[in-house]
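Structure, as structure tokens:
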Amino acid sequence: MRHFHEELDQLKAKLVRMSGLAEEMVRIAVEALLERDQAKAAEVIQRDHAVDELEVQVDTAAIELLALQQPLAKDLRFITSATKIANDLERVGDHAVNIAEALEYLLKVPPFPPLPELEEMARISTGMLADALSAFIRGDANLARRVVQVDDRVDDLHENNFRILLTHMMEDPRKITAGMDMLLVSGNLERIADMATNVAEEVVFFVEGRTIKHHAERRDTAH
């Protein structure tokens, strides 16, 4: 049994490392965009391999635990949730790469007016990721639910960006290409928040055995 819990701890440690890498990739990608820094963008793209590798390690460790230890109840939910969370974190890394790659096109055109909403989206999204993983490690369903509630704020910011960028593009057609790239960046940040929400929903499932995806919890309460 001690060996089993040691392996569970190692699985947690891999997820924590993976989360840290994914958060850092998002932060550097946004910095690269705002500072028009190609070196930082290249660093993000280079780090993606490490996140991919960790996802493979988490999946392999989870399969071995399921096959050899035959865990029950909460331990079983923890392991199955770990594989889903690893997949979400890998996708966060991909979205960070998308943001970094957008810089290549944005450098070919004059700088776009600053969008404070983008910086706020990045700050909220990475905060959601950090809180969701913290909730997972601590088994804190209440913190996980708070993460889910924050997602609406990111959606609102994305809608604001769409309206602002559309206005710029309509006023000056020369800004259409850059505007579309900036909209792509905003969309990737919105998806990162969605991934953090997925992680938080997995936490509630792992801790309580309850599904809150697609507002299932609200439907259950209504009955």
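The values are calculated or read from the model by the stated rules, or taken from the named source; none is laboratory data. Not measured: the values here are computed from a predicted model. When we count neighbours, we look across all protein chains shown, and the Cβ atoms used for this are built from the backbone with ideal geometry, even at glycine.
Results for (1) at negative phi; (2) crowded, with 21+ Cβ neighbours inside 10 Å; (3) in contact (Cβ under 8 Å) with a residue 12 or more places away in the chain; (4) not basic (Lys, Arg), shown as yes or no for each residue.
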{"residue": "GLU55", "(1), (2), (3), (4)": "yes, yes, yes, yes"}
{"residue": "LYS74", "(1), (2), (3), (4)": "yes, no, yes, no"}
{"residue": "ASN98", "(1), (2), (3), (4)": "yes, no, yes, yes"}
{"residue": "PHE112", "(1), (2), (3), (4)": "yes, no, yes, yes"}
{"residue": "LEU115", "(1), (2), (3), (4)": "yes, no, yes, yes"}
{"residue": "ALA122", "(1), (2), (3), (4)": "yes, yes, yes, yes"}
{"residue": "MET128", "(1), (2), (3), (4)": "yes, yes, yes, yes"}
{"residue": "GLY139", "(1), (2), (3), (4)": "no, no, yes, yes"}
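Pick out the one residue from GLN46, GLN57, GLN38, GLN70 that is modelled with pLDDT under 90 and more than 20 Å from ALA200 (Cα to Cα). Break it down into steps so the answer makes sense when it comes.
Numbers: GLN46 fails: modelled with pLDDT under 90; GLN57 fails: modelled with pLDDT under 90; GLN38 fails: modelled with pLDDT under 90.
Residue meeting the stated conditions: GLN70.
With the condition kept exactly as written, say whether any residue in the stretch 192-203 is in a helix (DSSP H, G or I), at pLDDT 95 or above and among the hydroxyl-bearing types (Ser, Thr, Tyr).
yes
Out of GLN38, GLN57, GLN69, GLN46, which single residue is touching a Phe, Trp or Tyr at 6+ places or on another chain (Cβ under 7 Å) and not hydroxyl-bearing (Ser, Thr, Tyr)?
Values: GLN38 fails: touching a Phe, Trp or Tyr at 6+ places or on another chain (Cβ under 7 Å); GLN57 fails: touching a Phe, Trp or Tyr at 6+ places or on another chain (Cβ under 7 Å); GLN46 fails: touching a Phe, Trp or Tyr at 6+ places or on another chain (Cβ under 7 Å).
On inspection, the qualifying residue turns out to be GLN69.
Of everything in the stretch 31-53, what is buried (at least 16 other Cβ atoms within 10 Å of the Cβ) and either under 16 Å from ALA86 (Cα atoms) or under 14 Å from the mean Cα position of the chain (by Cα) (or both)? Give them in sequence order.
Scanning the stretch 31-53 gives ARG47, ASP48, VAL51.
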